[in-house]
Each structure stands twice: as structure tokens, then as C-alpha cells.
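What follows draws every value from the coordinates through simple rules; no lab data is involved. Note that this is a predicted model, so its numbers are computed, not measured. Using ideal geometry, Cβ is built from the backbone for each residue, glycine included, and neighbour counts are taken over all protein chains shown.
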Amino acid sequence: MPLGDSPQSGPAGAWLTVVEFIDFDCPYTQRAYFTIGQLQESYGEDVRLVFKHFPLLKHERALPAAIAVECASALGGFWSMQAAVLNYEAVSEEGLLRFADMLLGPERLAEWQDCRASSEPRARIDADVELGRALGVPGTPTLFVNGRMLNGALSLGEYQSIFDEELDKARKSGVASEDYYEQVVLGVAPSAGQTE
């Protein structure tokens, strides 16, 4: 599960890396968004959240919303735009425009609109979708918790149980938290001079 330069929230050295594939027009993604927020708050520095796009064809407004959020990201407003869209289910054109204007300011709205008309955001979204398909992502939301796939909007208790299992496993691994994802989850050998 390569992370690349995808938007990330939380420390790079967290014990748990949660890679989330989402669709902004998916009601299950919207439900899971609030649960994941609760988990981030309760697990604190032990969790890093990594975002990946996965707009589904059956959701008419998923791709326009993904492009809108990606263009906000290019202007430094990824997390605030993502939160606005998911909190208020603002996937309509009017909703996207309203939040872009509010979050980016009228002076940057033209840049955001220019970005939406370009092919740049689509390339990033397509790369995320291609990765998701290669990993067998069946729908949204799909989370990978230290590489362990979870599909659907689970309950808080179900997520907590899995987070606790993965956190316990990571802490007992004997690998430092800042190296755990790369060495254990990705299976990358330590570089020369690095000890296990």
C-alpha cells in the first residue's frame, strides 16, 4: 500500500496507518467519516490517516466532488474542503461552489475553477482508483488498517476492536513505531546502518 504524496493527517511515525478509499457521494462514506473522526481523536498520536479517492460510477456527483476537493488540495485546503463536503453532504454544484468560496476565499475561487477545468486533478484521482482496483477495493468506504482491509461503514465498536488488535500487534513487533509501516506492513528491509 504505497502512500505516495496523498493527504495525511497524524504523525508519520504512528503505530497505525489507516489508508481510506472514499467516495464523496456515498452515504456509507459519510457515515464512516464521523466514526473515523472519533477514532482519530481517541487514538491520538497512534493513528495516521491517509486519504485516497475512489469515486464510484453509480454516484453521479462523486467525480465532480472528488475533483473539487482535489483542486482545493492544490490550493492548501484539502482537509477543510473534505470536511465541508462530508459534513454537509455538499456534492451539488452549488454546495461545492459555496464551500470553495467560503474556505478558499473569493480571490482564489478563479484558481480553483481553472483547476477543475484542467486534467491535473483527474490524473491524481485516476491513480488512486487504479491503486484501489489493484488492491481489490470492493466499494466505499474501504479502509486498510496497517494493511488489513475493512469494507463498509462499521460501527465504532467494530473499528475499535480492529484498531486495538493492530495496535497491540504493532507494539509487540519489536520494531520502532516510525519504522513499523514501512518495514512490517510494506515489508521493506531496513536501509544500511539502520537496526531492527
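Each principal axis of the Cα cloud of the chain was taken in turn, and the coordinate range along them, longest first, works out to 51, 38, 29 Å.
This ranking places Ile162, Ile22 by how few other beta-carbon atoms lie within 10 Å of each, fewest first, which gives Ile162, Ile22.
Calculated mean residue ellipticity, 222 nm, the chain: -16000 deg cm²/dmol, from DSSP H runs (n ≥ 4) at -39500 (n - 2.57) each, averaged per residue and rounded to 500.
Estimated at 0.36 nm per residue, the fully extended path between Glu94 and Glu178 surpasses their Cα-Cα distance by 26.0 nm. Could you state, as a whole-number percent, how many of the C-alpha pairs of segment 94-196 are farther apart than 20 Å? For segment 94-196, the fraction of Cα-Cα distances above 20 Å is 64 percent.
Local charge sum around Glu111 (other residues, Cβ-Cβ under 15 Å, Lys/Arg +1, Asp/Glu -1)?
Residues close to Glu111 contribute a combined charge of -3.
Just to be sure I follow the definition: excluding the sites themselves, where is the longest run in the chain that has none of the trypsin sites (Lys or Arg not before Pro) in a DSSP loop with at most 13 other Cβ atoms within 10 Å? Segment 59-171 is the longest. Around the amide H of Ala153, modelled in the peptide plane, lies no amide H under 5 Å away from a residue 5 or more places distant or on another chain. In order along segment 91-96, phi translates into HN-Hα couplings of 9, 5, 4, 5, x, 4 Hz, rounded to whole numbers, per the Karplus curve 6.51 cos²θ - 1.76 cosθ + 1.60 with θ = phi - 60° and x for Gly and Pro. Compared with the alpha-carbon gap, the fully stretched path from Arg171 to Glu111 is longer by 17.1 nm at 0.36 nm per residue.
If you take the beta carbon distance between Leu156 and Ser80 as r and set R0 to 30 Å, what does 1/(1 + (r/R0)^6) give as a FRET efficiency, to the nearest 0.05? Rounded to the nearest 0.05, the efficiency is 0.80.
For the chain, Cys26 stand unpaired, since no other cysteine beta carbon lies under 4.7 Å from theirs.
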